[in-house]
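The values are calculated or read from the model by the stated rules, or taken from the named source; none is laboratory data. Source: prediction; values computed, not measured. Please note: Cβ atoms are built from the backbone with ideal geometry, for glycine as well, and neighbour counts cover all protein chains shown. SASA here: full protein model, heavy atoms, side chains in, ligands and nucleic acids out. Shrake-Rupley method; radii C 1.70, N 1.55, O 1.52, S 1.80 Å.
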Amino acid sequence: MISQQHLIDIQDYSVDEIMEILDTARSFKEVNDRPLKKLPTLRGRTIVNLFLEPSTRTRTSFEIAGKRLSADTINFSASTSSTQKGESLADTAETLSAMNCDLVVIRHRMAGAPRLLARHMDAHIVNGGDGKHQHPTQALLDAFTIREEKGGFEGLKVGIVGDISHSRVVGSLVPLLKMLGATPYVIGPATLMPAEPETLGADYAYSLDELLPELDVVYMLRIQLERLENAPLPSLREYALLYGLDTERMERMKPDAIIMHPGPVNRGVELTAEAADSERTVLLDQVNAGVAVRMAVMYLLLGGDSNGIAA
């Protein structure tokens with residue numbers, strides 16, 4: 001049983017709690033492989049997906065997770081919510097609270113939005129991505145995938161490559177990897193790094209080619225053109241030449257190294273078609289893990305434990 005009421009910042013959790021989520025997710029992954037995937041576990045519970053920023057994979061994954069646990073799942077998007085009419089997030093939270101929902105997943109372009117929601121609601125809050133801050137369930141599904149592929153974390157070298165300064169994946173995955181015993185590296189051009197990259201808590205480098213042969217996991221970030229604001233960026237062609245993963249670079253990776261990506265892939269930029277479709281690339285395993293991990297988070301926050309899941 002985890003002691004937390006919310007999942008907002010991955011660093012609020014202990015290693016034991018993280019491992020309980022991952023172990024519970026493994027049980028749910030087995031359930032998801034069955035012909036009949038639905039469990040009565042959260043029957044009568046109401047889960048709200050409040051997505052005030054565009055999303056396909058994350059929103060759909062949370063929706064499927066809730067429905068497979070038999071919860072009543074309700075989706076709100078920015079275009080259909082009263083925030084379009086000027087309602088504040090605090091007022092939205094109090095409105096949802098009055099409806100007695102049990103858990104709210106929020107995705108918002110502003111960092112800190114999930115904590116604001118938590119101050120105005122009794123429901124459990126799950127951060128589905130807040131600005132450039134964190135995306136804890138993405139980090140958890142990434143950790144789940146790494147453990148399934150590599151057997152553990154101790155001593156692993158994980159290179160996170162690309163648009164570091166605009167990535168909320170980095171904000172959650174770097175501290176989680178360090179908690180679990182892996183060594184994270186952030187790698188990218190200086191224009192896509194924070195002014196003081198050491199504040200990220202990871203080793204950093206500006207050259208992918210120097211570190212590539214040492215890495216056990218090569219995590220390619222999507223170039224987020226929608227978040228770049230006025231930051232300078234080389235042409236996409238130049239970026240691909242310096243930081244993209246192609247057949248030649250894959251040949252210089254460790255024989256058992258894996259390639260990860262949060263999706264969606266900009267083919268020809270972060271990954272060539274050959275790299276994206278390679279047997280080394282576990283993107284679809286990450287997608288599959290996302291449902292199981294989000295089921296585990298909902299289940300444990302709403303009072304479940306790791307016993308009797310498959311019953």
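Matching residues to (1) buried (at least 22 other Cβ atoms within 10 Å of the Cβ); (2) touching a helix residue (DSSP H, G or I) at 6+ places or on another chain (Cβ under 6 Å); (3) among the polar types (S, T, N, Q):
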residue: G131; (1), (2), (3): no, no, no
residue: T145; (1), (2), (3): yes, yes, yes
residue: E149; (1), (2), (3): no, no, no
residue: G152; (1), (2), (3): no, no, no
residue: L177; (1), (2), (3): yes, no, no
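Restricting attention to segment 53-80, and to residues there that are in a helix (DSSP H, G or I) and exposed (fewer than 15 other Cβ atoms within 10 Å of the Cβ), which single residue is modelled with the highest pLDDT?
Here the answer is R57.
So which residues in segment 11-31 are buried (at least 17 other Cβ atoms within 10 Å of the Cβ) and within 26 Å of F76 (Cβ to Cβ), if there are any at all?
I21, A25, F28
All but one of (1) open to solvent by less than 60 Å² (accessible area, probe 1.4 Å); (2) more than 29 Å from L283 (Cβ to Cβ) hold for P40; state the number of the condition that does not hold.
(1)
Which members of segment 85-99 meet the condition of being part of a helix (DSSP H, G or I) and either of a type outside the set (G, A, S) or closer than 21 Å to Y299 by Cα (or both)?
K85, L89, D91, T92, E94, T95, L96, S97
Can you name the residue in segment 270-289 that is open to solvent by 30 Å² or more (accessible area, probe 1.4 Å), within 21 Å of the chain's Cα centre (by Cα) and in contact (Cβ under 8 Å) with a residue 12 or more places away in the chain and is also nearest to L208 (Cα to Cα) among such residues?
Filtering segment 270-289 for residues that are open to solvent by 30 Å² or more (accessible area, probe 1.4 Å), within 21 Å of the chain's Cα centre (by Cα) and in contact (Cβ under 8 Å) with a residue 12 or more places away in the chain, the one nearest to L208 (Cα to Cα) comes out as R280.
Given (1) open to solvent by 10 Å² or more (accessible area, probe 1.4 Å); (2) modelled with pLDDT of 95 or more, where does I2 come up short, assuming only one miss?
Failed condition: (2).
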